[in-house]
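**Q** Supplied in structure tokens, the structure appears directly below.
Any read-out appearing in this document is the output of simple, stated calculations on the displayed coordinates, not a laboratory observation. Everything numeric here is computed off the predicted structure, so don't read it as measured data. We place every Cβ from the backbone using ideal geometry, glycine too, and count neighbours over all the protein chains shown.
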Amino acid sequence: FTLVVNTMAFLHLFIVNKSGGLIHHRALNPKAPKIGINEWLRIGSTFHSLHAIAAEASPLRMEGNKNPYGADDGIQEIQAAGLILRCFQTRTGVKFVITAEPGTKDCAYVLREIYVLYADCALKDPFYELEMPIRCELFTQGVDALIERVEKSSKQR
Amino acid sequence: MAVHSIHIFDRRGKTLFTKRYAKSQGPAEDAEQLSEQRKLVFGMLFSLRELVGSLAPESAGKNGGALHSIKTAAGTLHNYETISGMRIALYTDNNNIDASPSIRTALKYIYTELWVELVLRSPLYIPNNIDIRSTNFEQKLDAYLGSMPWFR
């Protein structure tokens, strides 16, 4: 029996495109484990498959296998002993995934804000190709500012 | 919250016990489809544990990847894993998610008080060839789950 102290910190963010390829990954905190690029690619595609398998394996099924947002149903949240993982899939099949320490709140909110940043910084960038890795400075800065704002406001609470 | 099904797997993926509690029966499924679904559940639990383990920080220790629950829009899978690699997986729907810690306690109880006491300590126990029907495990399990406020 391990006592898990409920601290709050976001660990990793990764984004998977609709074919399962990883288009973005980064650590949001020095506490996050260091993961090499090969392992990241593996994590991205494994998660992509397991996301769909979770909906298949469930004895319950949503109407047309779509969740209330109109996207295909799949893993929304995983609670594990050492971390929470939260996934937001858009109707176009892009999955935004964030991991955090067990005590972290607001994961769903942060993911939706990251989606807004993706739409504003990556999709509106005329040089960004769809489904390709995201290398937009504005997006990275936006995510940094968002995480800082959320962590600061949760410390004040 | 309604419990829909329970599966108990051993460390190699063999299903030791499975039961559906569905009140509204889904489309009629034959035995092969059900066994396929069980393999999917085990495979998912196995691979997800590895995935989560590689993402968990070092402060979580060696068992950082131990899965507690997996939520989709359709329902939630609650998982309890023992050190011997046995997994108890329980499917519920998503109404009343506050019951999560009590579900975990219930799964732990099912292992320590029901499984260990009634099945492992049964004089007819043969490892690798467990005969559940010779024990009263299922009746006690039904009674225990039925007494939970979140079981409907």
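**Q** Quote the Stokes-Einstein diffusion coefficient, in whole µm² s⁻¹, for segment A:1-85, based on the Kirkwood radius over alpha carbon pairs, a temperature of 4 °C and a viscosity of 1.567 mPa s.
**A** Values: Rh = 14.8 Å.
Using the Kirkwood radius from Cα pairs, D works out to 87 µm²/s.
**Q** Also, I was wondering about something else. How much FRET efficiency would the formula 1/(1 + (r/R0)^6) give for B:ASN94 and B:LYS19, where r is the Cβ-Cβ distance and R0 is 22 Å, rounded to 0.05? Write down the numbers at each step before the final one.
**A** Values: r = 21 Å, r/R0 = 0.93.
Working from the Cβ atoms, E equals 0.60.
**Q** A further question follows. Can you tell me which of B:ARG11, B:ARG104, B:ARG133 moves the most in a GNM of chain B? Springs connect C-alpha atoms under 10 Å apart.
**A** Answer for the Gaussian network model of chain B: B:ARG133.
**Q** Cross-chain or 8 or more residues apart, Cα under 23 Å: how many lysine pairs in segment A:1-146 fit that? Count them up, please.
**A** Details: A:LYS18/A:LYS66; A:LYS18/A:LYS95; A:LYS18/A:LYS124; A:LYS31/A:LYS105; A:LYS34/A:LYS95; A:LYS66/A:LYS95; A:LYS95/A:LYS105; A:LYS95/A:LYS124.
Count of close lysine pairs: 8.
**Q** Averaging sequence separations of C-alpha pairs under 8 Å and six or more residues apart, then dividing by the length of segment B:1-131, give the relative contact order as a whole percent. Each step should come with its number before you reach the end.
**A** Details: 151 pairs, mean separation 34.0, N = 131.
The value is 26 percent.
**Q** What does chain A give for Rg and for Dmax, in Å, if only its C-alpha atoms count?
**A** Calculated on Cα positions, Rg and Dmax stand at 15.7, 53 Å.
**Q** Continuing with the same structure: Run through every distinct alpha carbon pair of chain B and return the Kirkwood hydrodynamic radius in angstroms, one decimal place.
**A** Working: mean 1/r = 0.0611 Å⁻¹.
The answer is 16.4 Å.
**Q** For a test of the definition: using alpha carbon positions, the gyration tensor, and the 1.5 limit on a/c, classify the protein assembly as shown as rounded, prolate or oblate. Write down the numbers at each step before the final one.
**A** Numbers: a/c = 2.12, a/b = 1.78, b/c = 1.19.
Note, shape of the protein assembly as shown comes out prolate.
**Q** Now for a different question. Calculate the radius of gyration of the Cα atoms of segment A:84-157 to one decimal place, then report Dmax, the largest Cα-Cα distance, as a whole number, both in Å.
**A** Calculated on Cα positions, Rg and Dmax stand at 13.1, 40 Å.
**Q** In whole angstrom, note down how far apart the Cα centers of segment A:5-41 and segment A:43-83 are.
**A** Computed from Cα coordinates, the inter-centre distance equals 18 Å.
**Q** How high is the FRET efficiency between A:ARG112 and B:ILE126 when r is their beta carbon distance and R₀ equals 51 Å, given to the nearest 0.05? Provide the component values of the computation, followed by the final result.
**A** On the way: r = 53 Å, r/R0 = 1.04.
Efficiency, rounded to the nearest 0.05: 0.45.
**Q** Within chain B, count lysine pairs with alpha carbon atoms under 27 angstrom apart where the residues are 8 or more positions apart or belong to different chains.
**A** Value for chain B: 22.
**Q** Name the most mobile residue of A:GLY93, A:GLY74, A:GLY36, meaning the one with the largest mean-square fluctuation, in a Gaussian network model of chain A with Cα contacts below 10 Å.
**A** Answer for the Gaussian network model of chain A: A:GLY36.
**Q** Just report the Cα centroid separation between segment B:1-20 and segment B:60-75, whole Å.
**A** 17
**Q** Another question about this same structure. Of the candidates B:VAL119, B:VAL52, B:VAL41, which one comes out as most mobile in a Gaussian network treatment of chain B with C-alpha springs shorter than 10 Å?
**A** The residue with the greatest mean-square fluctuation here is B:VAL52.
**Q** Distance between the C-alpha centers of segment B:87-107 and segment A:84-101? Whole Å please.
**A** The two parts, judged by their Cα centres, are 22 Å apart.
**Q** Here is a further query. What does the average come to when, for each residue of peptide A:65-76, you count the partner chain Cβ atoms lying within 10 Å of its Cβ?
**A** Working: counts 3, 1, 3, 1, 1, 0, 1, 1, 4, 3, 7, 7.
Averaged over the peptide's residues, the number is 3.
**Q** Going 7 Å from the Cα of A:THR7 in the Cα-to-Cβ direction, what parts of segment A:129-157 have a backbone nitrogen less than 19 Å from that spot?
**A** Answer for this model: A:147-157.
**Q** Follow-up question, since we're still on this one. Would you mind computing, in nm to one decimal, how far apart the modelled labels at B:GLU117 and A:MET132 are, each placed 7 Å from Cα along Cα→Cβ?
**A** For B:GLU117 paired with A:MET132, the spin-label model returns 6.4 nm.
**Q** I would also like to ask the following. If you look at just the Cα atoms of segment B:1-82, how large are its Rg and its Dmax in Å?
**A** According to the Cα coordinates of segment B:1-82, Rg and Dmax are 14.4, 46 Å.
**Q** Using 0.36 nm per residue, how much length does the chain from A:LYS18 to A:LYS66 gain when fully extended, once their Cα-Cα distance is taken away? Write down the numbers at each step before the final one.
**A** Numbers: separation 48, 0.36 × 48 = 17.28 nm, distance 1.53 nm.
Fully extending the segment from A:LYS18 to A:LYS66 adds 15.7 nm.
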